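What follows is calculated from the coordinates using simple rules that are stated; it is not laboratory data. Quantities reported herein were computed from a predicted structural model and do not represent experimental measurements. With ideal geometry, Cβ positions are generated from the backbone for all residues, glycine too; neighbour counts draw on all protein chains shown.
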Amino acid sequence: MNTRTIGPFKVSAIGLGCMNLNHAYGTPPAADVAERLLLEALDAGVTLFDTAALYGFGANETLVGRTLKSHRSRFTLASKGGMAGVQFDDGIKRVIDGSPVAIRKNCEDSLRRLQTDVIDLYYLHRWDKSVPIEDSVGAMSDLVRAGKVRALGLSEVSAMTLRKAHAVHPITAVQTEYSLWTRNPEVAVLQACQDIGAAFVAFSPLARGFLSGAITDAAALGANDIRRPMPRFAPANLAANLKLLPPFNALAAEAGCTPSQLALAWLLHRAPHIIPIPGTTSTAHLREDLGALQVQLGGELLAQLDALINTRTVAGARYAPQATLEVDTEVC
């Protein structure tokens, strides 16, 4: 397995995003299916597993902890706090809270669910804009000093926020959506990560499944699927975006790989500090994704990909207006 570096850790060049085993994209798989996928990923050489307190309101961390606890020394464990499920009178709701009290509680809860004494890489899942980033990262640095966390990361932040945070405590990784059709990190964050020696962890590297060719009808998305309110999956925008797939698929055929492998290989070729973390519920798709490590792309094909799918050719914004307010990334 090819490796890349996240701070003190050597990890597989492609990690596993565990979210959709419990959260976000329709009905999650049965527990035994999810457990089998995690173990197959480990046996296939994946050594970076990414979860969060938010996913399934703790269910995803519980799954990862239960399944992988006996293999803890074989992989790097990443989780996130600062955004979690909070119990209200009318049910559990997602809450962004970057206060030191909330961060400490989120971490303790995560350690318990993950059945581990230490989380290797702990991210602030969202910057709570009512709390100075210095205060949130200061509380996270206390977790490092207490031995509960080994390294710190941030998710969905701008280069400016990253540099402010890094002045408080070294930031080991930034995790943000990045793919051919989401280029926001190219504005400044990729370079800022390189400048401070941080890894860039790309979530949704297959454009939330779009680049795999699996999504052709917005109406087929489940009622609770988080893609439903995303503008790019609105019927008119999706219809426009689907026109990008035939030429994209043709480029994949030219490269001798599948469309999913092409999307991942494009990321791997961008820079050595980029680590994609695709998610899947299928062991066949898992092995397909890992096959991207063997795909070699020449300069001409990379240029064709960049010209085909980019901010000018993709229809629709990344997030709906309210969700856009919750992130702190540069707009391109």
Seminar exercise, completed: Scanning the stretch 58-77 residue by residue, those crowded, with 19+ Cβ neighbours inside 10 Å and either of a type in the set (A, V, I, L, M, F, W, C) or under 17 Å from Arg150 (Cα atoms) (or both) turn out to be Leu63, Val64, Leu68, Phe75, Thr76, Leu77
Exercise. Somewhere in the stretch 91-101, is a residue within 21 Å of Ala199 (Cβ to Cβ) and crowded, with 22+ Cβ neighbours inside 10 Å?
Worked result: no
Exercise. What is the residue count in the stretch 81-102 for residues that are under 27 Å from Leu38 (Cα atoms) and outside any strand (DSSP E or B)?
Worked result: 1
For this session: Say whether the condition of being more than 27 Å from Arg72 (Cα to Cα), in contact (Cβ under 8 Å) with a residue 60 or more places away in the chain and surrounded by 23 or more Cβ atoms within 10 Å (Cβ to Cβ) is met by at least one residue in the stretch 130-146.
Result: no
Exercise. Failed condition for Ala214, given (1) at positive phi; (2) free of Cβ contacts under 8 Å to residues at least 12 places away in the same chain, with all others met?
Worked result: (1)
For this session: Would you check if there is a residue in the stretch 28-42 being surrounded by 15 or more Cβ atoms within 10 Å (Cβ to Cβ) and out of contact with any helix residue (DSSP H, G or I) (no Cβ under 8 Å at 6 or more places or on another chain)?
Result: no
Seminar exercise, completed: The one condition Asn184 fails out of (1) among the polar types (S, T, N, Q); (2) over 19 Å from Ala323 (Cβ atoms); (3) crowded, with 20+ Cβ neighbours inside 10 Å is (2)
For this session: Evaluate the following for Ala165: is it surrounded by fewer than 24 Cβ atoms within 10 Å (Cβ to Cβ) and more than 14 Å from the chain's Cα centre (by Cα)?
Result: no
Problem set entry | Breaking point among (1) in a helix (DSSP H, G or I); (2) in contact with a strand residue (DSSP E or B) (Cβ under 6 Å, 6 or more places away or on another chain); (3) among the aliphatic types (A, V, I, L, M), for Ala78 | (1)
Exercise. Do we find that Arg208 is charged (D, E, K, R), part of a loop (DSSP other than H, G, I, E, B) and under 17 Å from Thr182 (Cβ atoms) in this structure?
Worked result: yes
